[in-house]
Amino acid sequence: MLNKGKIKVNITVHTTLSAFTADEWDRLNPSKHPFLCYAFLKALEDSGSVGGQTGWDMLFLAAREDSSDLLVGILPAYIKHHSYGEYVFDHSWAHAFERAGGRYYPKLLCAVPFTPVPGPRLLFDDHHHPEIVHDLLNALETIARDNQISSAHVNFIIDEDRNVLTDRGWMIRTGVQFHWQNNNYNCFDDFLASLSSRKRKTLRKERQGLFDKGITFHQLTDTDIQPEHWDRFYQFYLSTIEKKWGGAYLTENFFHQIGTQMSDQILLVLAEKDRQLIAGALNFIGQDSLYGRNWGCVEHIPNLHFETCYYQAIDFAISRKLATVEAGAQGLHKVQRGYLPVYTYSAHWLADSRFSEAVSRFLSQEQAAVEQDARSIDKISPYRRDNKAG
């Protein structure tokens, strides 16, 4: 039990989301960030996408007010037995530590599985002392030390969490993603008008080529998304993910469960040719952003990926007056489609001081290189020089 002024809280550890109710969990996610909501994380667990033999063992830390048992803080963490599905790559750290005689895995990770989307990771009740977050982090570090776990990591953090973790002495790693910004466009043609003449012609040609082939696109949300759409989308997902990565993280039940529990936060884009669905892209709708997550196809057609994932997302964001489209990790090709570099951050705590010093030096060098790359990418922006978005 810990004292926080007039507040007494208990820190407990749980290996299932069933230890919480949806209402108490979601109360600590007031922005309704789709990937931090109870329904999304529960779908991962119930579908077997995490837990079991996946290498993602749940380890949720909770702070409850002693007098009322009110949940006032959460640290959604996992024990990781590998580094796959994280999108913040530390394989070289693991190899170096193990070559030196250490054991890198298991490690602790506070993140949303398979989801490289920045968002809150340190959840607490605004009406209570934010120092509760430090109690949760203390507990996480203590678990690592007491169990000879090499490290703890918090991926894709927002600025508020980055400040907390920096103050605690965690190392910050800088990365880059490509996001599209809505410059108060009223329609897709307004967006096209903001591009240089050459890029505008290229995008129009890409889109027209698909329409000339008779391909049409459907933007489905909420009750428009039917179970058969998820059946077909899972086929697209398997076809593409297994070609690229050799194995699918998400199960078919996961897609059906999010379709049942949170369809109002989902945009499913489906491409149709000759009355057959041939491709799809899964997006999640936030308060002010659209988050592109998974895509797949069963027929390779030039530019189909760009239209299904990027242009349809832009079109939807404009129609909903969403400020941003986040299209996931990596992908320099996104720049020419109007998605510009944005910095992302993760935080890292290493138990071994010598290893920590070596990683700190690496991160300093890496950050300089990342920032240089971002400046170089800015120079090839597709936007007109006189356009504010560019």
Can you name the residue in segment 340-380 that is in contact with a helix residue (DSSP H, G or I) (Cβ under 7 Å, 6 or more places away or on another chain) and part of a loop (DSSP other than H, G, I, E, B) and, of all such residues, is farthest from ASP315 (Cα to Cα)?
ALA351
Suppose we keep only residues that are of a type in the set (A, V, I, L, M, F, W, C) and at pLDDT below 85 within segment 232-261. Which one would you say is surrounded by the most Cβ atoms within 10 Å (Cβ to Cβ)?
ILE241
Among the listed residues VAL325, VAL359, which satisfies the condition of being under 30 Å from ARG207 (Cβ atoms) and among the β-branched types (Val, Ile, Thr)?
VAL325
Looking at segment 349-390 only, could you name the residues that are of a type in the set (A, V, I, L, M, F, W, C) and within 28 Å of ARG145 (Cα to Cα)?
TRP349, LEU350, ALA351, PHE355, ALA358, VAL359, PHE362, LEU363
Sole miss for ILE318 among (1) surrounded by 15 or more Cβ atoms within 10 Å (Cβ to Cβ); (2) in contact with a strand residue (DSSP E or B) (Cβ under 8 Å, 6 or more places away or on another chain); (3) assigned to a helix (DSSP H, G or I); (4) at pLDDT 95 or above is condition (2)
Surrounded by fewer than 16 Cβ atoms within 10 Å (Cβ to Cβ) and under 30 Å from VAL133 (Cα atoms): does that describe GLY175?
no
Search segment 184-231 for residues being of a type in the set (Gly, Ala, Ser) and not in a helix (DSSP H, G or I), and hand back the single one that is surrounded by the most Cβ atoms within 10 Å (Cβ to Cβ).
SER194
When you scan segment 297-310, do you find a residue that is under 17 Å from the mean Cα position of the chain (by Cα) and either at negative phi or among the β-branched types (Val, Ile, Thr) (or both), even just one?
yes
Can you confirm whether GLU141 is in the same structural domain as LEU70 (by TED's automatic domain parsing) and within 23 Å of the chain's Cα centre (by Cα)?
no
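Would you pick out the residues in segment 248-271 that are over 20 Å from PRO113 (Cβ atoms), of a type outside the set (Val, Ile, Thr) and either in contact with a Lys or Arg (Cβ under 9 Å, 6 or more places away or on another chain) or not in a helix (DSSP H, G or I) (or both)?
Let us first name the residues in segment 248-271 that are over 20 Å from PRO113 (Cβ atoms), namely 263-264, 267-271.
When the remaining residues are screened for being of a type outside the set (Val, Ile, Thr), the result is 263-264, 267-268, 270-271.
Answer for segment 248-271, where residues must be over 20 Å from PRO113 (Cβ atoms), of a type outside the set (Val, Ile, Thr) and either in contact with a Lys or Arg (Cβ under 9 Å, 6 or more places away or on another chain) or not in a helix (DSSP H, G or I) (or both): LEU267, LEU268, LEU270, ALA271.
The values are calculated or read from the model by the stated rules, or taken from the named source; none is laboratory data. Note that this is a predicted model, so its numbers are computed, not measured. Note that we place each Cβ from the backbone using ideal geometry, even for glycine, and neighbour counts take in every protein chain shown.
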